[in-house]
Amino acid sequence: MSADNWAVCPKCKKDEAEKLKRMSVELNEAYGNVPPSRYDEMSKALANYRNKTENSLTLREDYSQGIDIEGVYSVEYGGTCEKCGFTFSYKYEKKLIP
């Protein structure tokens, strides 16, 4: 069964932003305090991490909605990240015909 959609995981995005910030701070603090070759390595590592993580589609989304033959409207959503394990699900039903 295939996913209905692949999206950017909000938890991974937050974690990646925090790591990028830490790496940037470390790079700024290293300027003038480490050998130039080490500074270049750190700078390349930051650039590589930034390129690797931007808009990674790791959140599998499956969803459906509709009205069944009994007159029950339902909507169901499930999202799971294959990278970090983040998961969210939602289900709603309402009987439309008494």
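Read-outs throughout are calculated quantities, based only on the coordinates presented, and are distinct from any laboratory measurement. Small disclaimer: the values here were computed from a predicted structure and weren't measured. Positions of Cβ are generated from backbone atoms using ideal geometry, with glycine treated the same way; all protein chains shown enter the neighbour counts.
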task = Could you pull out every one of the aspartates and glutamates with an alpha carbon less than 13 Å from that of residue 21, ignoring same-chain neighbours closer than 8 positions?
result = 29
message = Output wanted: per-residue J couplings in Hz (rounded whole) for segment 47-59, from phi through Karplus 6.51 cos²θ - 1.76 cosθ + 1.60, θ = phi - 60°, x for Gly and Pro.
response = 4, 5, 5, 4, 5, 5, 9, 4, 6, 6, 8, 10, 8
message = Taking just the alpha carbons, could you work out the radius of gyration and Dmax for the chain, both in angstroms?
response = 21.8, 76
inquiry  = Rounded to the nearest 20 debye, what is the charge dipole size of segment 5-95 about its Cα centre when +1 sits on each Lys and Arg Cβ and -1 on each Asp and Glu Cβ?
reply    = 240 debye
task = Determine the gain in length on full extension of the stretch residue 22-residue 56; use 0.36 nm per residue of separation and subtract their C-alpha separation, reporting nm with one decimal.
result = 10.3 nm
query = How much FRET efficiency would the formula 1/(1 + (r/R0)^6) give for residue 8 and residue 73, where r is the Cβ-Cβ distance and R0 is 22 Å, rounded to 0.05?
reply = 0.15
Cα-Cα over 23 Å, subset of 19/91; 14/52; 11/44; 14/83; 11/91 = 19/91; 11/44
inquiry  = I want to check the label-to-label distance for residue 46 and residue 84. Put each point 7 Å from Cα in the C-beta direction and report it in nm to one decimal.
reply    = 2.2 nm
